[in-house]
Each structure stands twice: as C-alpha cells, then as structure tokens.
Amino acid sequence: MKIIIFGGGISGLTTAHILVQKGFQVELYESEPIIGGMARRRREPLTEIPTEHSWRGYAPFYRNFYHIAQQIPTQGGKTVIDNLADHVKFFMLNNDEQQSKFDIKSELIVAYVIGKTILSDKRSQKDYQKAIAPMLKKHISKASYDFIIKFLMGPGWGMDKDTASLKHYAKFTELSLFHSQGPDGKQQNFWKVMKGPTQEMWFQPWQKFLEEKGVIFHLNCSLKYINIRNNEIYNCILSDGTQIIGDNYIFAINPFNLENILSQSPTIPKSLTQKHSNSNNKSDYEMIAFF
C-alpha cells in the first residue's frame with residue numbers, strides 16, 4: 001500500500017517513521033528544501049551561523065520524542081538521544097544581573113491555585129476559559145509574576161502568556177512534577193537541549209534513517225489542489241502541475257495552509273471547507289510540541 005504524506009515537519013516525519021516500519025510504501029512531500037517544518041534550523045547566507053525558530057527545549061515528559069529519538073542512529077553506534085545535553089536550568093536575570101526568584105508568600109499562593117486546579121474535575125472546563133495572567137497579577141509579587149508569566153510561560157514553556165488558561169498552566173506543571181520519565185523509564189526532572197543545531201543533531205540523521213528504511217523524500221514540492229471523486233481523494237496536484245496518486249493520503253501541514261488548499265480545490269464542495277473556516281478559532285500564535 002502506497003501512503004502519500006504531505007509535510008516534512010515533526011508530525012509528517014513521525015508518521016513516516018511509524019508507517020515504514022510497519023511495511024507500508026511511503027513517499028513524503030515537503031514544500032521547503034529541507035525537512036523539519038517549524039522546528040527546522042536555517043543558516044544565515046553570509047556567516048553560515050545556524051539560527052533556530054526558537055530555543056529548542058525537550059521536556060522530560062515528551063515521551064514520544066524520546067521514544068523516536070532513541071531509534072535514530074548517529075555516528076559511532078549512538079543515537080539522537082546522545083546528541084542531547086544533560087539538562088537545562090531556567091534563570092531570569094534582571095538588568096543588574098540579579099536572579100529573579102519567588103518569594104515565599106507568592107510560592108504558596110501559586111502552589112495553592114495550581115493544586116486546587118489539578119484536583120478539581122467539576123471546574124475543569126471553566127478553568128480552561130480563565131486566563132491565568134490577570135489572576136496571578138492580583139495576588140503575587142511583581143518579581144514572581146514576571147518570572148512566571150513573562151519568562152517561564154512565554155520563552156520558557158512556549159505558551160502564549162496573554163491567553164494561556166489556568167488549566168493549561170496547571171496541567172503543564174502537573175506533567176513536569178509527576179509524569180517526568182526519561183527514555184530509560186527513570187524519573188527525570190530536567191529539560192534538555194541539543195548539543196548543536198537541530199538539523200545536524202536530529203533531522204539529518206532522521207532523514208537518512210528513513211531513506212534507508214525506504215521512505216522516498218520529495219523536497220521543494222508544494223501541494224496546490226486536492227481532487228476528490230465520490231467523497232474520496234483520487235489525486236493531488238503540486239504547484240508545478242505534477243499529479244500525485246497514492247492509496248492513502250496524510251496531510252501533516254499547517255492547518256491554515258490546508259484550509260487554503262481545500263478552499264482552492266475545485267472538486268471539493270464549499271460546504272466542506274466552510275466547516276473549517278471559523279475565523280474565531282484563528283490565531284497568529286504558533287507553537288511546537290513534542291508530546
């Protein structure tokens with residue numbers, strides 16, 4: 001069975017990784033010249049200095065990442081796991097280079113709020129609607145607020161500090177404290193980072209591994225149309241007019257880009273595309289997760 005995957009980001013690569021090991025014929029199409037999606041790294045044209053989309057942190061509860069990474073071989077009989085530095089510690093320094101810390105009162109208040117949220121089932125849905133930033137601002141010190149909201153939640157954990165809910169923050173804290181196991185199954189309380197650029201440390205070995213398993217990569221190939229007949233996809237058309245035919249299709253691309261492709265596909269009913277075009281659910285905020 002031939003599986004066509006559109007999108008060479010983490011989700012598309014993970015899908016290819018699993019399917020090819022189950023014996024499927026897999027072809028992957030990526031619009032960029034390199035794989036990695038939002039997590040890929042670039043090099044500056046003149047200096048060749050590697051730049052990342054953002055800092056690349058791997059939480060101890062990212063079980064799927066660690067499970068996949070320990071299967072990807074690198075040089076010397078090692079795996080991508082060996083390309084990870086030991087751990088990351090979070091610090092926030094003020095302009096005078098003094099480290100910002102919790103005061104005891106603020107720490108107790110945050111612990112109470114988070115504990116109350118984690119242990120409550122009946123308020124769960126309501127807590128997803130409550131923004132945590134204005135709630136904490138009323139009750140904790142400025143230094144503690146800046147550490148949690150402006151630093152830890154934003155650049156630290158990758159949340160949108162202005163819209164993140166009480167429940168999201170509590171859930172992330174719960175995962176960090178009680179569901180943190182490394183690839184060996186042992187308790188692990190530290191985040192990790194790569195010892196070098198993401199492309200060299202992770203994606204290049206991954207592409208090589210998948211190609212050796214039989215995955216065929218097509219780079220610089222953008223999806224333009226999806227054609228359906230009798231409610232089934234019968235082909236996909238690339239931007240250069242190339243027709244792609246497979247037994248099954250997987251679209252592991254930005255959902256808003258896919259929405260545009262669906263709306264521009266002449267054989268797809270408008271009633272189908274309108275179901276997925278609620279502007280109230282759109283946001284300019286993007287996040288990468290490795291759960």
Answer from Thr74, Thr79, Thr51 - the residue that is under 18 Å from Pro197 (Cα atoms), open to solvent by less than 80 Å² (accessible area, probe 1.4 Å), at pLDDT 90 or above and touching an Asp or Glu at 6+ places or on another chain (Cβ under 7 Å): Thr74
The range 248-289 - residue that is exposed (fewer than 11 other Cβ atoms within 10 Å of the Cβ) and among the charged types (D, E, K, R) and, of those, modelled with the lowest pLDDT: Asp284
Hey, Asp240 in contact (Cβ under 8 Å) with a residue 40 or more places away in the chain and of a type in the set (D, E, K, R) or not: no
Residues within the range 114-139 that are farther than 28 Å from Trp55 by Cα and either open to solvent by less than 30 Å² (accessible area, probe 1.4 Å) or in contact (Cβ under 8 Å) with a residue 60 or more places away in the chain (or both), tallied: 5
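In the range 1-17, how many are surrounded by fewer than 21 Cβ atoms within 10 Å (Cβ to Cβ) and either closer than 14 Å to Lys213 by Cα or not hydroxyl-bearing (Ser, Thr, Tyr) (or both)?
Step one: filter the range 1-17 for residues surrounded by fewer than 21 Cβ atoms within 10 Å (Cβ to Cβ), giving 1-3, 9, 11, 14-15, 17.
Next, from what is left, pick out any that are either closer than 14 Å to Lys213 by Cα or not hydroxyl-bearing (Ser, Thr, Tyr) (or both): 1-3, 9, 14-15, 17.
Residues flagged as surrounded by fewer than 21 Cβ atoms within 10 Å (Cβ to Cβ) and either closer than 14 Å to Lys213 by Cα or not hydroxyl-bearing (Ser, Thr, Tyr) (or both) within the range 1-17 amount to 7.
So in the range 116-162, with the set limited to residues that are acidic (Asp, Glu) and over 18 Å from Ile104 (Cα atoms), which one is modelled with the lowest pLDDT?
At the first step, the residues of the range 116-162 found to be acidic (Asp, Glu) are 121, 127, 146, 160, 162.
The next check asks that each one be over 18 Å from Ile104 (Cα atoms); those that pass are 121, 127, 160, 162.
Numbers: Asp121: 73, Asp127: 87, Asp160: 82, Asp162: 82.
Step by step, filter the range 116-162, then rank; the result is Asp121.
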Candidate set: the range 183-193, residues that are modelled with pLDDT of 75 or more and in a loop (DSSP other than H, G, I, E, B); chosen: the one least open to solvent (accessible area, probe 1.4 Å): Val193
Lone unmet requirement of (1) at pLDDT 80 or above; (2) closer than 23 Å to Ser11 by Cβ; (3) surrounded by 15 or more Cβ atoms within 10 Å (Cβ to Cβ); (4) not acidic (Asp, Glu) for Arg56: (1)
Complete set of residues in the range 18-48 that are among the acidic types (Asp, Glu) and loosely packed, with under 15 Cβ neighbours inside 10 Å: Glu44, Glu48
Of all residues making up the range 51-73, the number that are under 15 Å from Gln204 (Cα atoms), of a type in the set (Val, Ile, Thr) and not in a loop (DSSP other than H, G, I, E, B): 1
Scan of the range 144-182 for residues that are among the aliphatic types (A, V, I, L, M), in contact with a helix residue (DSSP H, G or I) (Cβ under 8 Å, 6 or more places away or on another chain) and not in a loop (DSSP other than H, G, I, E, B), ordered by number: Ile148, Ile149, Met153, Leu166, Ala170
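The values are calculated or read from the model by the stated rules, or taken from the named source; none is laboratory data. Everything quoted here is computed from the prediction, not taken from an experiment. Ideal geometry is used to build each Cβ from the backbone, glycine not excepted, and the neighbour counts take in all protein chains shown. Just the protein is used for accessible areas: all its heavy atoms, side chains included, with ligands, DNA and RNA removed. Shrake-Rupley method; radii C 1.70, N 1.55, O 1.52, S 1.80 Å.
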